[in-house]
Amino acid sequence: EAVAKWVPDNLKGNPIAQPGDPYFGHEAGFSSAFALQPDVIFLLTDGQLNRRTVVGGKVSYPEIPYTDFLRSIRAMQRRAGTHVRIHVIGFEMEKADAENMRRLASAFGGQIREF
């Protein structure tokens, strides 16, 4: 209930990619989370896997294919040297995006909750 109230006013999209950043969007969030050495990660998402990029002052949101995204997360987990459980809290997800998020949660021993 608290998340449902928080999302509309506080979720404004991916952070702008900075020069030299190895990851953007969802991948950047996971990179930051893994750096904290967590036991569990909660992903709050609309399920759209994209990267926010700025080239010549123009913002674009190229999609991250799910297989590429999963490969990035698995690599982060290997580097962390531990198993991290990933739970997904999804909102307003399209059918295909929701399926990808179910696969993500399942691959990392987590659960998904949609609203």
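The values are calculated or read from the model by the stated rules, or taken from the named source; none is laboratory data. What you see is a predicted model; the values in this text were computed from it and never measured. Positions of Cβ are backbone-derived with ideal geometry, glycine not excepted, and every protein chain shown enters the neighbour counts. These area figures cover heavy atoms from the full protein model, side chains too; ligands, DNA and RNA do not enter into them. Shrake-Rupley method; radii C 1.70, N 1.55, O 1.52, S 1.80 Å.
Sort the range 25-115 into rounded, prolate or oblate with this rule: let a ≥ b ≥ c be the square roots of the eigenvalues of the Cα gyration tensor; rounded if a/c is under 1.5, and if a/c is not under 1.5, prolate when a/b is larger than b/c, oblate otherwise.
On the way: a/c = 1.96, a/b = 1.21, b/c = 1.62.
Cα axes put the range 25-115 in the oblate bin.
Amide H to amide H, which residues 5 or more places from LEU43 or on other chains are under 5 Å from it, using H placed in the peptide plane?
So LEU43 has HN proximity to HIS87, VAL88, ILE89.
Any chance you could check the Cα centroid distance between the range 29-58 and the range 62-95 for me, in angstrom?
Cα centres, the range 29-58 to the range 62-95: 9 Å.
Near the amide H of PHE108, under 5 Å away, which other amide H atoms are found, from residues 5 or more places off or on another chain, if H is placed in the peptide plane?
Counting only residues 5 or more places away or on other chains, the set is ILE86.
Run the quick spin-label model on GLN37 and ARG103: label points 7 Å from Cα toward the beta carbon, then report their separation in nm to one decimal.
So the label points at GLN37 and ARG103 sit 3.3 nm apart.
Given the protein chains as shown and a 1.4 Å probe, how many square angstrom of PHE115 are accessible, to the nearest 10?
My reading of the accessible area for PHE115 is about 110 Å².
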